[in-house]
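The values are calculated or read from the model by the stated rules, or taken from the named source; none is laboratory data. The model shown is predicted, which means the values in this text are computed figures rather than measured ones. Cβ coordinates were reconstructed from backbone atoms using ideal geometry, including for glycine residues, and neighbour counts include every protein chain displayed. What goes into the accessible areas is simple: the full protein's heavy atoms, side chains included, and nothing from ligands, DNA or RNA. Shrake-Rupley method; radii C 1.70, N 1.55, O 1.52, S 1.80 Å.
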Amino acid sequence: MGSVTAWARVYVACVVLGALVCLAPLPGGHVPWRAVALLAALYAACEQITRCPFMGHRAPKGMGTFFPVLLAGAFLLPVPAAALVAVPGALLSRVEQRPRALRRIWRAGRLVLAVGAASHTHAALGGRDAVAGPDFPYALLPAGAAAVVFCAVLTLLDGGILALAERVPARVAWRGLFWRSLAPVVVHGLAGLMMAVLWRSPHGPVAALLVLLPMYVSCWVFAQYHRERAAHRATVRALVQAVDIKDGYTRGHSERVGQASLLIARELGMDDERAEVLRFAGILHDVGKLGVPTRLLRKDGPLTPEERRIVELHPEYGHEMVRGISFLGEARAAVLHHHERLDGSGYPYGLVGGQIPEFARVVAVADAFDAMTSTRSYRRARPVDAALAELRRCAGAQYDPVMVTALTRALARHGWAPTVTADPSGNVPPGANIPSGGTRGEPGTGPERREAGLGRGSGARGGDEGRVP
């Protein structure tokens, strides 16, 4: 919501209007104000955990750690009263990005609607009597249904704001949101049910507060995990920056190969965790260039056979550099084998067909595609359609046809906007040798052979940028 569109503001206004309608019955009913005030204060205080020194850092955005308090209110209170519990905490929550007021109002509105829907579902299924009993295991049914409705409403609203405010394509705005959130919200629902049962017990609200202790610990564990992932990304970013500094001709190439690899992963239906690891594989595929002499990476003319052998060691150098980084998982095999060919003519081991790891086959296609669609100082970028046609021509012999098809389909849906790497202006320098049948330093080899890399002795450059194998 950095620069909020008019449609996004209208959307937020509609959500807030819906929230006001949800709260409207408050003045006319018997509202247990003491319980409302206590739960609202408890939720507002829990939201401040993001500033607690024990956490070390602000908790990750959107983790919803204290949804149990909101769901406990949904299980204990009438619909409008339960919805009111969320308002103070949402309006007092810490907001870093502007417009802050609009963001706070949006958070309050979405939570009011979600809690109101959950409370209505719980009451309709007879959950209030089951909690007061308590009547187990029947109490689990309305509580579980309320948690699912709570998750569904948040998913519906969040997908809408992603599409309108963050300009995420509508076809992907809701993709996976519900299923990623469902398990945590159901767990929070069980914790909320425990709070509600203890609240109604002879021990009262004090006993209910004890449920928050394990939730606080889980919040700390999640924050630790979040910081660990941030450290992983920082490690990858540092390695890629080192490669970019050493080989300035390919600046930005690694990130784009990571993006293309991610497109293929999603088209293949990989889960989010594997897709993220595959993105890391694409980003780090050329990290072994750090072990190659700079003079070879920047050499203007063709490489000698001895120089080629040295450069062809970069996958093994890269594998040695990353094999001790446990979070990379399958990405390490992609770093080592992304220059293998289906017909066995690749390197470093000449693997054939299915012997080549899946991640390596994905990165090989993403690498060659970006090489062909990026402008270098010695030749202009190819159109996307021409690059895809070249990949299809080489499919089966060099590239996995499944991966080529997946990339083609993904680009048809999402498009591709390659970044110029060698020259920020996007212009090929005057005097650059760009013959129709060859690239700089290797007349007559043909751009499709330089960048598709057909064969080890044919002048191919192994799917890279027309400079090194």
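Might you check whether a residue that is in a helix (DSSP H, G or I), among the charged types (D, E, K, R) and either out of contact with any Pro (no Cβ under 8 Å at 6 or more places or on another chain) or more than 18 Å from H188 (Cα to Cα) (or both) occurs anywhere in segment 125-138?
Filtering segment 125-138 down to residues in a helix (DSSP H, G or I) leaves 127-132.
Next, only the ones that are among the charged types (D, E, K, R) stay: 128-129.
Retained after the next criterion (residues that are either out of contact with any Pro (no Cβ under 8 Å at 6 or more places or on another chain) or more than 18 Å from H188 (Cα to Cα) (or both)): 128-129.
Scanning segment 125-138, I find at least one residue that is in a helix (DSSP H, G or I), among the charged types (D, E, K, R) and either out of contact with any Pro (no Cβ under 8 Å at 6 or more places or on another chain) or more than 18 Å from H188 (Cα to Cα) (or both), so the answer is yes.
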TODO: Please state which one of A334, A381, A371 is hydrophobic (A, V, I, L, M, F, W, C), modelled with pLDDT under 95, farther than 24 Å from V236 by Cα and under 30 Å from the mean Cα position of the chain (by Cα).
DONE: A381
Open item on the list: So in segment 118-148, with the set limited to residues that are surrounded by 20 or more Cβ atoms within 10 Å (Cβ to Cβ) and among the aliphatic types (A, V, I, L, M), which one is nearest to A82 (Cα to Cα)?
Closed with: A118
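Looking only at segment 272-325, count how many residues are in a loop (DSSP other than H, G, I, E, B), within 18 Å of A238 (Cβ to Cβ) and not basic (K, R). Spell out how you get there, then give the answer.
Pass one, segment 272-325, residues in a loop (DSSP other than H, G, I, E, B): 285-286, 292-293, 298-304, 312-313, 323-325.
Then keep just the ones that are within 18 Å of A238 (Cβ to Cβ); that gives 285-286, 323-325.
With not basic (K, R) added as a condition, the list becomes 285-286, 324-325.
Matching residues across segment 272-325 total 4.
Restricting to segment 388-404, give me the number of residues that are among the aliphatic types (A, V, I, L, M) and open to solvent by 40 Å² or more (accessible area, probe 1.4 Å). Talk me through it step by step, then tell me what you get.
Step one: filter segment 388-404 for residues among the aliphatic types (A, V, I, L, M), giving 388-389, 391, 395, 397, 402-404.
Going one step further and asking which of them are open to solvent by 40 Å² or more (accessible area, probe 1.4 Å), we end up with 389, 397, 402.
Count: 3.
Would you check which residues across segment 167-222 are more than 17 Å from the chain's Cα centre (by Cα), of a type in the set (F, W, Y), open to solvent by less than 60 Å² (accessible area, probe 1.4 Å) and farther than 17 Å from H122 by Cα and list them? Before the answer, list the steps.
Applying the first criterion (more than 17 Å from the chain's Cα centre (by Cα)) to segment 167-222 yields 182-221.
Among the residues that remain, those that are also of a type in the set (F, W, Y) are: 199, 216, 220.
From the residues that got through so far, the ones that are open to solvent by less than 60 Å² (accessible area, probe 1.4 Å) too are 199, 216.
Correct list: Y216 only.
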Task: Hey, V243 at pLDDT below 90, in a helix (DSSP H, G or I), more than 17 Å from the chain's Cα centre (by Cα) and closer than 25 Å to T373 by Cβ or not - done: yes
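Got a number for residues in segment 358-386 being under 24 Å from A331 (Cβ atoms) and either open to solvent by 40 Å² or more (accessible area, probe 1.4 Å) or part of a helix (DSSP H, G or I) (or both)? Let's see the steps before the verdict.
From segment 358-386, those under 24 Å from A331 (Cβ atoms) are 358-374; that's our starting set.
Keeping just the survivors that are either open to solvent by 40 Å² or more (accessible area, probe 1.4 Å) or part of a helix (DSSP H, G or I) (or both) gives 358-373.
Looking only at that region, the number is 16.
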TODO: Need at least 1 residues that are small (G, A, S) and closer than 23 Å to W106 by Cβ per element, so show me which helices (runs of 4 or more DSSP H) inside segment 142-224 make the cut, counting only ones lying wholly within it.
DONE: 170-173, 177-200
